[in-house]
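*Asks:* What follows is a structure written as structure tokens; I'll ask about it next.
The values are calculated or read from the model by the stated rules, or taken from the named source; none is laboratory data. Every value quoted in this text rests on a predicted model; they were computed, and no experiment measured them. Every residue, glycine as well, gets a Cβ built from its backbone with ideal geometry; the counts of neighbours run over all protein chains shown. When the accessible area is computed, the model is the full protein with side chains, heavy atoms only, and any ligands, DNA or RNA have been set aside. Shrake-Rupley method; radii C 1.70, N 1.55, O 1.52, S 1.80 Å.
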Amino acid sequence: MTNLRKTIAALSAVAAATATMLAIPPTASATPAPYKTLAQENFNHLPLGPVTAGRGWTTDTSDGTLTVAPSSTGKGRELRIHTEGNGRAFVVFPNLSAPGNSYWARLRLRVDAFPTAPDWAHWTIAEASGSDSPALVRPLGGQYAPTDKGNFWGVGHDLGPTGDWTSWKTSAPAVADKWQCVEFHLDATDNRVTVYFDGVEQSDLTVSTKNHGGAQDSDFVFPTFDKLKLGWQLYQGDPSPSSYDVRMDDIALSTGRVGGCGG
């Protein structure tokens, strides 16, 4: 009889514990938080012709134009960017605020031709900034290197403690007249910029707080991002060629990786 009472007591304790466990609701950490879309644009809803603004974005141009045109790939519409000399033409996403000062970007891109003069001509495709600092972070850009007879992708920066630099790498040649799906990740935990081409990480291009292309006695530090510019700017005068044409499509900005680039 004593053993039977012990068995009943043990079974009752297990049942009570199980009921308690079932009554506890799942914690928030059990389900990953969904990514938040910060901005997106595929240009399909815009009329054909010159454009100065869209949903959540405006433009910044000097000796340059932005035009919505039929897609060269046969589906929908795309943005065509044209500049003369060292002009600029950008789509600008203002008031862009991301949790933790970190976000992902994805876009499809084709540059008809890169500069071949002057020596060390450098250019920008993307520029992120914040009103609390003069620093300009250029997660997507590059430079013409006469020593290696080509243009090469690189992350860049200006107007901050690390100075003006473009950390281009010969392992990432910039190929003209070719569509690419490009992603970059701005990660404030280590002031890290990571770049991906067609879904593949370009680890040689990564920069971070201590690993960057500027003054090595200074840390590379993000501003509090509130603006992103996407387009084209060449900084040197009298370049060759004398004008530039860029095609852009499928822009998406998000707190998580958007994907869609394969790889």
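*Asks:* For region 160-200, name all the residues that are in a loop (DSSP other than H, G, I, E, B), of a type outside the set (A, V, I, L, M) and under 21 Å from Asp250 (Cβ atoms).
*Replies:* Asp177, Lys178, Trp179, Asp198, Gly199
*Asks:* Would you tally the residues in region 198-216 being more than 17 Å from Thr166 (Cα to Cα) and either open to solvent by 20 Å² or more (accessible area, probe 1.4 Å) or touching a Phe, Trp or Tyr at 6+ places or on another chain (Cβ under 6 Å) (or both)?
*Replies:* Restricting attention to region 198-216, the residues satisfying the condition of being more than 17 Å from Thr166 (Cα to Cα) are 198-201.
Going one step further and asking which of them are either open to solvent by 20 Å² or more (accessible area, probe 1.4 Å) or touching a Phe, Trp or Tyr at 6+ places or on another chain (Cβ under 6 Å) (or both), we end up with 198, 200-201.
Total satisfying the criteria: 3.
*Asks:* Tell me, which residue of region 37-74 that is of a type in the set (Val, Ile, Thr) and not in a loop (DSSP other than H, G, I, E, B) is farthest from Gly85 (Cα to Cα)?
*Replies:* Among those residues, the one meeting the criterion is Thr37.
*Asks:* Whether any residue in region 202-209 is outside any loop (DSSP other than H, G, I, E, B) and either over 18 Å from Asp158 (Cα atoms) or in contact with a Cys (Cβ under 7 Å, 6 or more places away or on another chain) (or both) is what I want to check.
*Replies:* Yes, there is a match, as at least one residue in region 202-209 is outside any loop (DSSP other than H, G, I, E, B) and either over 18 Å from Asp158 (Cα atoms) or in contact with a Cys (Cβ under 7 Å, 6 or more places away or on another chain) (or both).
*Asks:* Output the number of the condition that Tyr144 fails; it satisfies all remaining conditions of (1) in a loop (DSSP other than H, G, I, E, B); (2) under 18 Å from Val246 (Cβ atoms).
*Replies:* Every listed condition holds for Tyr144 apart from (1).
*Asks:* Being open to solvent by 40 Å² or more (accessible area, probe 1.4 Å), within 23 Å of Ser129 (Cα to Cα) and of a type in the set (Val, Ile, Thr) narrows it down to one residue among Thr189, Thr162; which is it?
*Replies:* Criteria check complete, one pass: Thr189.
*Asks:* When the residues of region 83-133 are filtered to those that are under 13 Å from the mean Cα position of the chain (by Cα) and among the basic types (Lys, Arg), which remaining residue is most open to solvent (accessible area, probe 1.4 Å)?
*Replies:* Checking each candidate, the answer is Arg108.
*Asks:* Test of understanding: among Ala176, Ala145, which residue is of a type outside the set (Lys, Arg) and in contact with an Asp or Glu (Cβ under 7 Å, 6 or more places away or on another chain)?
*Replies:* On the way: Ala145 fails: in contact with an Asp or Glu (Cβ under 7 Å, 6 or more places away or on another chain).
Within the list Ala176, Ala145, the selection yields Ala176.
*Asks:* Residue under question is Gly156, and the condition is that it be open to solvent by 20 Å² or more (accessible area, probe 1.4 Å), farther than 21 Å from Asp112 by Cα and either in a strand (DSSP E or B) or in contact (Cβ under 8 Å) with a residue 24 or more places away in the chain (or both); does it hold?
*Replies:* So Gly156 fails the test.
*Asks:* Please verify whether region 180-193 includes one or more residues that are free of Cβ contacts under 8 Å to residues at least 60 places away in the same chain and more than 15 Å from the chain's Cα centre (by Cα).
*Replies:* We begin by selecting, within region 180-193, every residue free of Cβ contacts under 8 Å to residues at least 60 places away in the same chain; these are 190-193.
In the following step, the residues that additionally are more than 15 Å from the chain's Cα centre (by Cα) were identified as 190.
Scanning region 180-193, I find at least one residue that is free of Cβ contacts under 8 Å to residues at least 60 places away in the same chain and more than 15 Å from the chain's Cα centre (by Cα), so the answer is yes.
*Asks:* Right, something else. Any chance you could count how many residues in region 50-82 are buried (at least 17 other Cβ atoms within 10 Å of the Cβ) and touching a His at 6+ places or on another chain (Cβ under 9 Å)?
*Replies:* The qualifying residues number 4.
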